[in-house]
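To keep things clear, I will list the structure first and then write my remarks on it.
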């Protein structure tokens, strides 16, 4: 574990201009530098580097941050790996905290397993070139499959000799302990210490981590007598099959460049498609697709629409055209949707799989076929299932239930609304029915989440999520057919609050007089953070965005720290989401409304904290109350009982009194374009 003092030295040494210049050609513009963004294709430079703030930001795609964020994003490294990368660049020796005996043992075990796996790959690959059996059987098999020599070397393919203990005997001769040979799963130890190679007489497919380390193997039977076609390494300390994707190391740069990933079922499918020029392709490691594997992809896939919505990820499922392939596509597509992916499906011609199809066609034909035959997953599922259920009302009703359950897993509100409209047309169903069913499903999921987390003791603020789940509902009578969100997120108002927390959180907003116990008068300084927190707590409010709420809490916790500077604290925060928000705030332009610009003396934002901060807090409260009034009015429209109508009217009147008081305090609204 890297200790905090070393992390601080790395951050102090890392110059954003130097770090970015290793990847981007920069030229000076005023106090900043600009260049072409490395995260998306552009002709006009929009990538800005600020030496003063030591951060970067692309105003086209929104990516950027501090030097560590930049390296993490560009090199697809973890936080610790990015720190090590910069430490090496600036010749900083990594000082690690003293590990416990248990941590040391775990570290040594992991390193030993990695060393064994690395050597095993070299051994298996070496058999193809240096062993007569490897050349005649292993290499012949790969060439018969149509794999070129350069592709065989790229994927580090290999061959395990038919002798049942050849690998184990050679590994022990090289000094590798039987304990670690067994822990990797490459050696099986039976009674009386009888050893047996897991893979023998098989073609070997090494499985790499995202950083390129060999962590496991797949073995393909070559002999027709072998009853088990594929064998895979078992779970180990370095390999968890549900979290690994075959080909991810070789595909990651192409996935970033193409802004898309293809998913196939087998190792040979990946290799043949790469040979045909489709490099942004991966496969599960002998398992069904898992949520962990999808999240691994999500960390690589960039935003496809150039905005800040990281949920827009393009994935295309490429499967055989038989029933097994289609069923796999239907099952895996829903998992991908649930993780926020944009999912498409390509079904290959009858009798073809990605391996055979790529071998039979040239690169341009393969690419053209994929582009021409991509179909949106939900529309594919709807039309495919409808063809079978068209004349059966019961099956069609089941289909509508299934489709609404699929749409309900989509996290993004706007995407759900679009799919509801499209599917309602195809199914000839009432949109309101689909909305109602989706509301019911999402409410049920929220209830389960709350019960799992809190049991029967969930606080009122959490239970409110069940009453107003964040899903789309039709409100045609109010919006003329437009779809609105039942539980709105007060994004602009909350963003303004966090703007002042990040830029001025520790700064003094005002001073107040306090009378001590001895009747002496003391002057107490109130910081921006302290004022905002006290104002929200007075009305038992908190920010609905959990990231913003956590940033506010951490700023509050650090108010007694004399060295705390909110800008630096959040810009260099180990949580990349926090540092991304801070970098956006510190680089984005803002201005006061024209009415305020007419003053003769143009004051800085910091000089006007006493005026601006109360306004953004009141803005937030005003929006909350206004929204509550609208909710009460909507409830009043549908109420028929006189007692409830009277109670609602009284509540509305009280809310309107509060709202008028807030409006009066706000006076002339200050508009911050942040």
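The values are calculated or read from the model by the stated rules, or taken from the named source; none is laboratory data. All values reported here derive from a predicted model rather than from experimental measurement. Here the Cβ positions follow ideal geometry from the backbone for every residue, glycine too, while neighbour counts run over all protein chains shown.
Of the residues in the stretch 481-509, how many are assigned to a helix (DSSP H, G or I) and either modelled with pLDDT of 85 or more or in contact with a helix residue (DSSP H, G or I) (Cβ under 7 Å, 6 or more places away or on another chain) (or both)?
12
Quick one: which of 196, 128, 181 is assigned by TED's automatic domain parsing to the domain that holds residue 235, under 23 Å from residue 240 (Cα atoms) and in a helix (DSSP H, G or I)?
Answer to the selection: 181.
Select from the stretch 221-238 the residues that are touching a residue at least 60 places away in the same chain (Cβ under 8 Å) and within 37 Å of the chain's Cα centre (by Cα) and write down the one among them that is nearest to residue 168 (Cα to Cα).
Ranking the qualifying residues of the stretch 221-238, first place goes to 236.
Are any of the residues in the stretch 207-215 surrounded by fewer than 20 Cβ atoms within 10 Å (Cβ to Cβ), out of contact with any helix residue (DSSP H, G or I) (no Cβ under 9 Å at 6 or more places or on another chain), without any contact (Cβ under 8 Å) to a residue 40 or more places away in the chain and not assigned by TED's automatic domain parsing to the domain that holds residue 354?
Checked against the condition, which is being surrounded by fewer than 20 Cβ atoms within 10 Å (Cβ to Cβ), out of contact with any helix residue (DSSP H, G or I) (no Cβ under 9 Å at 6 or more places or on another chain), without any contact (Cβ under 8 Å) to a residue 40 or more places away in the chain and not assigned by TED's automatic domain parsing to the domain that holds residue 354, the stretch 207-215 yields no hits at all.
Within the set of pairs 6+ apart or on separate chains, which have a first residue in the stretch 537-558 that is free of Cβ contacts under 8 Å to residues at least 40 places away in the same chain, a second that is part of a helix (DSSP H, G or I) and surrounded by 17 or more Cβ atoms within 10 Å (Cβ to Cβ), and C-beta atoms under 6 Å apart?
Sorted first by the residue in the stretch 537-558, then by its partner, the pairs are 556/529; 556/533.
Tell me, yes or no, whether the stretch 255-267 has at least one residue that is surrounded by fewer than 23 Cβ atoms within 10 Å (Cβ to Cβ), within 21 Å of residue 328 (Cβ to Cβ), in contact (Cβ under 8 Å) with a residue 40 or more places away in the chain and under 24 Å from the mean Cα position of the chain (by Cα).
yes
With the condition kept exactly as written, say whether any residue in the stretch 140-151 is in a loop (DSSP other than H, G, I, E, B), crowded, with 16+ Cβ neighbours inside 10 Å, touching a strand residue (DSSP E or B) at 6+ places or on another chain (Cβ under 8 Å) and not assigned by TED's automatic domain parsing to the domain that holds residue 286.
No, that holds for no residue.
Restrict the check to the stretch 432-455 and report whether at least one residue is assigned to a loop (DSSP other than H, G, I, E, B) and either modelled with pLDDT of 50 or more or over 30 Å from residue 582 (Cα atoms) (or both).
Checked against the condition, which is being assigned to a loop (DSSP other than H, G, I, E, B) and either modelled with pLDDT of 50 or more or over 30 Å from residue 582 (Cα atoms) (or both), the stretch 432-455 yields at least one hit.
Tell me, please, whether a residue that is modelled with pLDDT of 90 or more and surrounded by fewer than 18 Cβ atoms within 10 Å (Cβ to Cβ) can be found in the stretch 103-116.
Checked against the condition, which is being modelled with pLDDT of 90 or more and surrounded by fewer than 18 Cβ atoms within 10 Å (Cβ to Cβ), the stretch 103-116 yields at least one hit.
Which of the residues belonging to the stretch 272-292 are under 16 Å from residue 359 (Cβ atoms) and touching a strand residue (DSSP E or B) at 6+ places or on another chain (Cβ under 8 Å)?
273, 274, 278, 281
Each row is one residue, and each column tells you yes or no for (1) more than 24 Å from the chain's Cα centre (by Cα); (2) at pLDDT 85 or above.
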site: 67; (1), (2): no, yes
site: 88; (1), (2): yes, yes
site: 97; (1), (2): yes, no
site: 101; (1), (2): yes, no
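Residue by residue, here is whether (1) farther than 23 Å from residue 526 by Cα; (2) assigned to a helix (DSSP H, G or I); (3) in contact with a helix residue (DSSP H, G or I) (Cβ under 8 Å, 6 or more places away or on another chain); (4) at pLDDT 80 or above holds:
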| position | (1), (2), (3), (4) |
| --- | --- |
| 553 | no, yes, no, yes |
| 559 | no, no, yes, yes |
| 562 | no, no, no, yes |
| 591 | yes, no, yes, no |
| 595 | yes, yes, no, no |
| 609 | no, yes, yes, yes |
| 614 | no, yes, yes, yes |
| 620 | no, yes, yes, yes |
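Inside the stretch 372-426, can you point out the residues that are at pLDDT 90 or above, outside any helix (DSSP H, G or I) and in contact with a helix residue (DSSP H, G or I) (Cβ under 9 Å, 6 or more places away or on another chain)?
Hits for the stretch 372-426 are 375, 376.
Residue 28 is checked against (1) in a strand (DSSP E or B); (2) crowded, with 19+ Cβ neighbours inside 10 Å and fails just one. What number does that condition carry?
Answer for residue 28: the failing condition is (2).
With the requirement that a residue be modelled with pLDDT of 85 or more and touching a strand residue (DSSP E or B) at 6+ places or on another chain (Cβ under 6 Å), what does the stretch 1-25 give you?
Once the filter is applied, which keeps residues that are modelled with pLDDT of 85 or more and touching a strand residue (DSSP E or B) at 6+ places or on another chain (Cβ under 6 Å), the stretch 1-25 yields 16, 17, 20.
For residues that are assigned to a loop (DSSP other than H, G, I, E, B) and over 24 Å from the mean Cα position of the chain (by Cα), scanning just the stretch 31-45, find the one that is surrounded by the most Cβ atoms within 10 Å (Cβ to Cβ).
Only one residue fits best here, namely 45.
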